[in-house]
């Protein structure tokens, strides 16, 4: 089976977004993010719709997608999958006749056969949401939080809360565990999907949520849904002296460079920056452009290589110095939700000697995706490259290993009692003491 390739290649480079979700919306096991959903929360009921024109369009998109994977997928053995047989199987299912929603779900299901936890397929609506996500814009009706399912623990966890949102007004906060939504278990069903999509609904309607702050008893709150609009600012605060903290929630928001630049300028205006903690613990990655722009504050030069089937291209960064950012002592916080380009960001700064790492060893998802557009407005992101640092270490195998390992997850502490931040502060205090003794 060797059909002709038809899809248009888009985006020069994008990190492995893995599975992102609608802001408190359609999420799958371990999902992260604010806007885009890469997979439908539940498979649609397959009802044959034998329309010749629709079937032909579906077959064209399928053929394009199958050929793209066949010609460009990072692993020539397709991770042990029989790609020819898979193509035959899914073609037969399409020829029966599917609705558009059923077809888009099926295409994502086909990519899951690769078992790389990276490649995924987007419906046209999800493509629009991902593009809004990259612009930094929020515009949806819900409660104003992002969450991630924890199937091993039987609940979901709040990653972030939009300031002044209904969730914020109801006292929900990052690190809280979501036990149930509208009396439905928050995580997870037999297919690994959480129920956070229930947090969306008509504007003005109310939803019951049972939550638990780490160290406290469960409580039930009622939250009134509202339209969430605007941009989500990065979280930043001064911890002690002139040591600052910045939470970077993703690497796809194109406004992040300007936001971090402003933070560094503001800190410099208040005195010399003595240390900086960058929190990447809930960062699922993003785009290559945003990765490079943020790295430029803290390093420069060739920091590693992206390797494909028969090619290699350098990760080259042109450094800029903002408020002493090129030399300020850095500590980066990582965890099990630090994924893809967030791992690359953390690892290259550690290997370059620019940062120390605190937290839990990451899972090692540093494959890079490339995106392809299709005639029906859908889109696929395919694992096409992997990253190699100058040392040659295979981070897909090892993950990013912290200098100080504190194996705690986001749902095991609160913002006020964060042992990983305390460990980061200790490293910066030691650095300051060593500098003063010289």
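No lab work stands behind these numbers, since they all come straight from the coordinates. Bear in mind that the values here come from a model prediction, so they are computed numbers and not experimental data. Please note: Cβ atoms are built from the backbone with ideal geometry, for glycine as well, and neighbour counts cover all protein chains shown.
Could you tell me which label, among [x] 21.3; [y] 20.3; [z] 82.1, carries the value of mean projected area of the Cα convex hull in nm² calculated for this structure?
So the calculated entry is the one marked [x].
In nm, what is the difference between 0.36 nm times the number of residues separating residue 312 and residue 89 and their Cα-Cα distance?
Difference between extended and current length: 76.9 nm.
Which FRET efficiency value, to the nearest 0.05, do you get for residue 376 and residue 51 by plugging their Cβ-Cβ distance into 1/(1 + (r/R0)^6) with R0 = 22 Å?
0.95
Report the antiparallel proportion of the DSSP beta bridges in the chain as a percent, rounded to a multiple of 5.
75 percent
Angle between the Cα long axis of helix 124-135 and the longest principal axis of the chain, 0 to 90 degrees, nearest 10?
20 degrees
Classify the range 107-258 from the C-alpha gyration tensor, please: rounded if a/c falls under 1.5, else prolate or oblate depending on whether a/b exceeds b/c.
Judged from the Cα gyration tensor, the range 107-258 comes out rounded (a/c under 1.5).
Please list, by residue number, everything in the range 323-338 whose backbone N is under 18 Å from a paramagnetic label point 7 Å out along Cα→Cβ of residue 430.
Answer for the range 323-338: 329-334.
Could you check the spin-label model distance between residue 131 and residue 216? Points 7 Å from the Cα along Cα→Cβ, value in nm.
The answer from the label model is 4.1 nm.
Go ahead and set up a Gaussian network model of the chain, Cα springs under 10 Å, then flag whichever of 142, 80, 323 fluctuates most.
Evaluated over the chain, the most mobile residue of the options is 80.
If packing is taken as the mean number of other Cβ atoms within 10 Å per residue, what is the order of 375-381, 304-310, 408-414, 215-221, highest first?
Going from most to least packed, we get 375-381, 408-414, 304-310, 215-221.
What are the principal axis extents of the Cα atoms in the range 101-172, in Å, biggest first?
Extents along the principal axes: 41, 32, 20 Å.
Relative contact order for the range 233-300: what percent, with Cα pairs under 8 Å and sequence separation of 6 or more?
For the range 233-300, the relative contact order is 41 percent.
Mean residue ellipticity at 222 nm from the helices of the chain, using -39,500 (n - 2.57) per DSSP H segment of n ≥ 4 over the full residue count, to the nearest 500 deg cm²/dmol?
Calculated from helices alone, the mean residue ellipticity at 222 nm is -8500 deg cm²/dmol.
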